[in-house]
1. For the range 196-219, which residues satisfy the criterion of being of a type in the set (G, A, S) and modelled with pLDDT of 90 or more?
2. Look through H229, H214 and report the one residue that is assigned by TED's automatic domain parsing to the domain that holds L169, without any contact (Cβ under 8 Å) to a residue 60 or more places away in the chain, part of a loop (DSSP other than H, G, I, E, B) and out of contact with any His (no Cβ under 9 Å at 6 or more places or on another chain).
3. Kindly check whether there is at least one residue in the range 88-104 that is touching a helix residue (DSSP H, G or I) at 6+ places or on another chain (Cβ under 9 Å), among the aliphatic types (A, V, I, L, M) and over 19 Å from R129 (Cβ atoms).
4. Give the residues of the range 155-208 that are in contact with a Pro (Cβ under 7 Å, 6 or more places away or on another chain) and either within 19 Å of R233 (Cβ to Cβ) or basic (K, R) (or both), sorted by residue number.
5. Can you list the strands (runs of 3 or more DSSP E) found entirely within the range 63-147 that contain at least 2 residues being loosely packed, with under 14 Cβ neighbours inside 10 Å, of a type outside the set (D, E) and at pLDDT 80 or above?
6. Search the range 148-171 for residues being assigned to a loop (DSSP other than H, G, I, E, B) and modelled with pLDDT under 90, and hand back the single one that is surrounded by the fewest Cβ atoms within 10 Å (Cβ to Cβ).
Amino acid sequence: METGLLMAARADERKECATVLLVEDDPTLRSTLAFNLTREGYEVLTAADGPAAIELVARNGDQLDLVILDVMLPGVSGFQVLRAIRRDYDFPVLMLSARGEEQDRVDGLELGADDYVVKPFALRELLARVRAAVRRKAVVSARPPGVLFRGDLQIEPDRRRATVRGVELQLRPKEFGLLVTLALEPGKVFQRQELLDTVWGTDVFVDERTVDVHISWLRGKLHESGLTHDCIRTVYGAGYRFTMGPDQASTELPEAAPTTPVAANHQG
């Protein structure tokens, strides 16, 4: 027979360790769900409306593992909040709705929702869906996600496809490789040699200025696509970084790239 301490220890092992944002305007349902999620071991943030949810995502987006999002919110709808989330973040979003119409489900999924639960629902079922979503995120985080949402830019690494507001960019293989490498870690400064090793491979010997040429080509295509800011910034004397918005531009200085290809036999 298990002792009380052993049973408690095993119960703790079953508890999840993740941060969940719960967005629900019904105070009774919000407190009930928050209580049960906390009891399961999740750290829970709550919001009662769309603007509060968007603000919490802006402040805590890098720490969130899941958002549980009600569709029928006052003022700003859950779909609007989902659209705002998907401009910058890839974490799972589970939609809650009192309406079970097929079009609502389709709209939510097309905007980037990962799951859709119709009210009223069984608490055990919801918790099971939450556990599944959090665990899928933990597995997926070890490899590139199916879609990177970077503002108006969406990148699908597995399909080798990048679009801006739905229009596909015509990128060379090395341009696409640079875009994925930089966009996977916004804010990180990549040295040229690091980009060469990642995109060209460690067994290929090319001049570091080849990176500048391909970055120049890539920037041109991103600009032509209609992006409102230069998301690939030159960090003087260091390399390149991907930025999510124009407010980060002041920390980088421009650095001219050569206008003719270097080691042209390696362009891709």
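1. S216
2. Result: H229 is the single residue among H229, H214 that is assigned by TED's automatic domain parsing to the domain that holds L169, without any contact (Cβ under 8 Å) to a residue 60 or more places away in the chain, part of a loop (DSSP other than H, G, I, E, B) and out of contact with any His (no Cβ under 9 Å at 6 or more places or on another chain).
3. No, every residue in the range 88-104 fails to be touching a helix residue (DSSP H, G or I) at 6+ places or on another chain (Cβ under 9 Å), among the aliphatic types (A, V, I, L, M) and over 19 Å from R129 (Cβ atoms).
4. Correct list: V180, L184.
5. Passing ranges: none, list empty.
6. Looking at the filtered set, the residue picked out is G166.
The values are calculated or read from the model by the stated rules, or taken from the named source; none is laboratory data. None of these values were measured; they are calculated from a predicted model. In this analysis, Cβ positions are derived from the backbone assuming ideal geometry, glycine residues included, and neighbour counts consider all displayed protein chains.
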